[in-house]
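Okay, so here's the structure we're looking at.
The values are calculated or read from the model by the stated rules, or taken from the named source; none is laboratory data. Values in this document were obtained by computation on a predicted structure and should not be read as measured data. Keep in mind that these areas ignore ligands, DNA and RNA; they rest on the heavy atoms of the full protein, side chains included. Shrake-Rupley method; radii C 1.70, N 1.55, O 1.52, S 1.80 Å.
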Amino acid sequence: VQLQASGGGWVQAGGSLRLSCAASVRTFRGYVMAWFRQAPGKEREFVAAIGWSGGTTRYADSVKGRLSISRDNAKNTVYLQMNSLKPEDAAVYYCAARSRNILSDYAPGYDYWGQGTQVTVSS
């Protein structure tokens, strides 16, 4: 499984960005997909996860109501819509995949990782 994240960039506080993660895999719908992020000097932290069909989602408390994860199984792509961005959202964002249908917030529980995309939020 290869994951390619894109869509990062610079935005002012209060702005929006949409991240995408394209997966090179034959059975994309058989994977739980997630987004994690890592800011300089901090540990990688869970952001959001979505189940195989897209019917179940899970979010970190810090992003609830502002960030939204979705997936398009026909396009082998998972998205992270980020609204009302705050300076503390600035980080490298990584997409990840796991085959077991558990929406884990534990990074080592994911088998495959993308290369990361940088999000910068200015105040």
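The mean accessible area for residues of segment 6-114, using a 1.4 Å probe and ignoring ligands and nucleic acids, is 51 Å² per residue.
Ranking LEU17, LEU85 from most to least accessible surface, computed with a 1.4 Å probe over the protein chains only, gives LEU17, LEU85.
The value of relative contact order for segment 18-119, using C-alpha pairs under 8 Å at least six residues apart, is 34 percent. Value of Rg to Rh for segment 1-114, rounded to two decimals, is 0.94; Kirkwood radius and Rg both from alpha-carbon coordinates.
Taking the protein heavy atoms of the chain in the context of the full set of protein chains, the accessible area attributed to carbon and sulfur is 45 percent at 1.4 Å.
Based on alpha-carbon centroids, what's the gap between segment 40-90 and segment 93-123 in Å, whole number please? So the separation of the two Cα centres works out to 9 Å. What the phi angles of segment 91-99 give under the Karplus curve with 6.51, -1.76 and 1.60, with θ = phi - 60°, is a coupling list of 4, 8, 9, 10, 9, 9, 9, 9, 7 Hz, glycine and proline written as x.
With the radius of gyration and the Kirkwood radius both derived from the Cα set of segment 5-59, what is their ratio Rg to Rh?
Working: Rg = 13.4 Å, Rh = 13.3 Å.
My calculation of the ratio gives 1.01.
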